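The values are calculated or read from the model by the stated rules, or taken from the named source; none is laboratory data. Since this is a predicted model, take the numbers as computed values, not measurements. For neighbour counting, all protein chains shown are included, and Cβ atoms are generated from backbone atoms with ideal geometry for every residue, glycine included.
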Amino acid sequence: MPSTTRPRVFSDGRPAITQIVTARLKHLTKLMLAALAVVMAFFVVASPAAAELVAQEDAEVTEVTGTLRAKDADGEDIFIEGVTFVVSDGSGAEVGQGVTDVEGVWSVQLPGEGLYTVLLDDSTLPEGVDLRNPDKNPLEVDVNEGASRTTLFPLGEAEVRESTSIEIVQLTVDGIKLGLIIGMAAIGLSLIYGTTGLTNFAHGEMVTFGAMMAFLFSVTGVNGFTVGLVFATILALVVCGIAGWLFNLLVWAPLRRRGASLISALVASLGFSILFRYIMLYQFGGRAKFYTDYQIQSRVGFFGWFSIAPKDMWIMGISLVVMIGVALALQRTRAGKAMRAVADNRDLAESSGIDVELVIRWVWISGGALAGLGGILLGLTESIGWDVGFRILLLMFAGVTLGGLGSAYGALVGSLIVGIFIQVSTLVIPNDMKNVGALVMLMLILLIRPQGLLGRSERIG
Amino acid sequence: MDISAIFDNTMRGLVGEQFVYFALAAIGLNIHFGYTGLLNFGQAVFMAAGAYGLSMMVVTWDLNFWVGVFFGIVVFPFILAVLLGAPTLRLRADYLAIVTIAAAEIFRIVVRSPSLDRWTGSSDGISGFARSFYDLSPFDPGSRYFFDLFIGNQMWVVLIGWTVLAAAVFISWLLVRSPWGRVLKAIREDEDAARSLGKNAYWYKMQALYLGGVFGALGGMLRAIGTQSAQPDNFITDVTFFVWVALILGGAGKIMGPVIGAALLYAILNFTDIVLRQGVESSYIPESIMSGTQVGQVRFMLVGLGLVLLATFRPQGILGKKDEMALDDR
């Protein structure tokens, strides 16, 4: 094994020599510290608000009730919020209305026993969700006194609009969207690997963390205050950047100083992954969540080839701008050049006067913020769950490995290919198994071209 | 607080079914990681290979129980080892880590998929394959055994488990002190040196991956028999980390390390679990801090935290020697 050629920051944590390139970055670090204090104060007051609400009702009331749920692409339950049910009695007079809450539950209290009709107002159903049996709406139910009658309105899968689109074009567009999101989240993963040699398995949790923070700021609210999703996203990105900085400061920098081996750092990152993941499950609960803003939008068609919701256009636009920005920053700015230099050859970079630790710090900060942004965009287009980050982590690995581990541009190219591959593969394999294709591709790449498309072969040992 | 329940639960962790399943899987992982230095993060898939090998053969294809056992222990782990090992064993260690985790995720997605329900039972899993095993039980299902810790059927599983475990310890002891085992250690210490002495490192690593997988499959199969069902949730990615913590806690690269580690891990997990559960039930812990479902999540956090602390502060665990640790010399 030619182990000398791989980046070995973890096994020789020498102090920096000079700081020519990086004086400007130092000043920014001080600003970050001040911002940190503010955000931490925010957090202390915010945490009780995140506790799950438990409704306890076991009084003997006569009611009709139900839970409205659908299956998402992974076959997990998602609960549909904001759908109106209208209950009328035998004479056709309206008895009451119920609206489903965050967990898809609705109920309407009834004056007494008898025959009622329940009508689901299908204009309140979100885009892409339809009743599986439209002829069973309205539904007639017979309710006994003091009983809670449960109704069932099965929902179909989100429909693929074959009539208004060419399927392969539609899937490719969806794939580009997914690939852009994966790529954005994966830049940090690749740069952290490139600069420190660490395979950071906890990177997926930074993605989840970003989505959860934006949810906290925009939906749950902090001390009852909520902000719009756009502003919540900016806040969440600041928090994610700080989280990345803290993670490096408190964990990885001390480990590098102690000269911990790459493998023990890898195992520790796996430990952090599982620890953070279950802390998020503990704090936010296991059910999929949705941002309330920009949720229901009608899709815009393009030449009858494909259709796309406006928010998805924004997602793609934002990702593209961010990615081009990152690429330009890496190519043109002093800090970006320093990052690439450290990723390329740490010792040479250090001896030419770059403060390697400072560069690594900024890689963690920007990597954390980019991962968080990826999480928010993913949450906006799909759903927010406690383990989305871990699932997308493996897709990131697939993208990064395909593009070439350690190379930032490789991460972009590889992720786009993975995203498109995942979506287009649903032409052949069932939708709930679409990620399998990407993971199998990961194995095949390693078999055929382990250094990836843009990577260098000496990295792979 | 019910002290006797706390004591019973902790004892069950120390010697009970979970200890047996995970000690076996950790013995397998010890051959992977402790002796050969392979970063296998998909031990849960090898466990699943044992569980699904048995249950699919018996239920889906209606074969004899012992044929199922053969498939679960010998055939499925072999296929898996070749699939996982072929692309990765020539590459650096962290690629095997990524690929094995990916394999665990592939397993989860495929087995839970409703489109394969006919063969795998999707998220409900497969049950009703363990009758032949319990028919052999000499214990009365209605009474309790071993200081009243186990009911009859559990006792039978645990007794067989102890026997298999003892055999596994003995076999792995024989293997690692054989010339074959010394080659494994040489590969762990310095693969180039082993190669320069004419040893085919790739081939030895493949054998180690398969052999460790067989022990993992044994653990998984016993788990399926013990719970009388093969369910995807019992073999998700996170299960692997329980095995890892058990191994590193006891000491990787030591014969008794995985056994001691699994016993301690489950004693600790069961102890915290029952204490928290009683605290929640008796309202010592207010509902706003922790609810009943959240108690179950604490053990995962403990495992994550344990992995972090062990990897950074005591990679050699209780028994191991620091200078013999694959965690440290790469």
Take A:Val356 and decide whether it is closer than 24 Å to B:Ile106 by Cα and either of a type in the set (Val, Ile, Thr) or not assigned by TED's automatic domain parsing to the domain that holds A:Leu246 (or both). no
For segment B:185-209, which residues satisfy the criterion of being away from chain A (no Cβ under 12 Å) and buried (at least 23 other Cβ atoms within 10 Å of the Cβ)? B:Lys205, B:Ala208, B:Leu209
Within segment A:358-461, helices (runs of 4 or more DSSP H) holding 3 or more residues that are modelled with pLDDT under 85, within 14 Å of chain B (Cβ to nearest Cβ) and surrounded by fewer than 24 Cβ atoms within 10 Å (Cβ to Cβ): A:434-448
Options B:Phe235, B:Phe215: the member that is modelled with pLDDT under 90, surrounded by 20 or more Cβ atoms within 10 Å (Cβ to Cβ) and away from every other protein chain (no Cβ under 14 Å): B:Phe235
Kindly evaluate A:Ile308 against the criterion of being touching a strand residue (DSSP E or B) at 6+ places or on another chain (Cβ under 9 Å), assigned by TED's automatic domain parsing to the domain that holds A:Lys177 and crowded, with 19+ Cβ neighbours inside 10 Å. yes
When you scan segment A:331-338, do you find a residue that is assigned by TED's automatic domain parsing to the domain that holds A:Asn200 and within 30 Å of B:Gln316 (Cβ to Cβ), even just one? no
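Yes or no, residue by residue, for (1) surrounded by 19 or more Cβ atoms within 10 Å (Cβ to Cβ); (2) more than 28 Å from B:Ala102 (Cβ to Cβ):
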residue: A:Phe247; (1), (2): yes, no
residue: A:Leu262; (1), (2): yes, no
residue: A:Ala329; (1), (2): no, yes
residue: A:Ala338; (1), (2): yes, yes
If you scan segment B:67-84, which residues turn out to be at pLDDT 90 or above and more than 19 Å from B:Ser127 (Cβ to Cβ)? B:Phe70, B:Ile73, B:Val74, B:Val75, B:Pro77, B:Phe78, B:Ile79, B:Leu80, B:Ala81, B:Val82
Heads up, the helices (runs of 4 or more DSSP H) in segment B:38-90 (entirely inside) with at least 2 residues that are within 14 Å of chain A (Cβ to nearest Cβ) and without any contact (Cβ under 8 Å) to a residue 40 or more places away in the chain are B:76-88
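Quick grid of which residues meet (1) of a type outside the set (D, E, K, R); (2) free of Cβ contacts under 8 Å to residues at least 40 places away in the same chain:
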{"site": "B:Lys254", "(1), (2)": "no, no"}
{"site": "B:Gly257", "(1), (2)": "yes, no"}
{"site": "B:Ile268", "(1), (2)": "yes, no"}
{"site": "B:Ile274", "(1), (2)": "yes, no"}
{"site": "B:Arg277", "(1), (2)": "no, yes"}
{"site": "B:Ile289", "(1), (2)": "yes, yes"}
{"site": "B:Leu309", "(1), (2)": "yes, yes"}
{"site": "B:Phe313", "(1), (2)": "yes, yes"}
{"site": "B:Ile318", "(1), (2)": "yes, no"}
Per the filter on segment A:260-294, residues hydrophobic (A, V, I, L, M, F, W, C), within 8 Å of chain B (Cβ to nearest Cβ) and under 30 Å from A:Asp101 (Cβ atoms) are A:Phe276, A:Ile279, A:Leu281
Out of B:Ser283, B:Ser288, which single residue is at the interface with chain A (Cβ under 8 Å from one of its Cβ atoms) and not β-branched (Val, Ile, Thr)? B:Ser288
Residues in segment A:209-263 that are of a type in the set (Phe, Trp, Tyr) and under 20 Å from A:Ile384 (Cα atoms) total 4
Pick from B:Val259, B:Val245: which is surrounded by 19 or more Cβ atoms within 10 Å (Cβ to Cβ), within 12 Å of another protein chain (Cβ to nearest Cβ) and either in contact with an Asp or Glu (Cβ under 7 Å, 6 or more places away or on another chain) or outside any loop (DSSP other than H, G, I, E, B) (or both)? B:Val245
Note on segment A:376-417: residues touching a Ser or Thr at 6+ places or on another chain (Cβ under 7 Å) and on the phi > 0 side of the Ramachandran plot are A:Gly406
Can you find, within segment B:311-330, the residue that is modelled with the lowest pLDDT among those that are at the interface with chain A (Cβ under 8 Å from one of its Cβ atoms) and buried (at least 19 other Cβ atoms within 10 Å of the Cβ)? B:Arg330
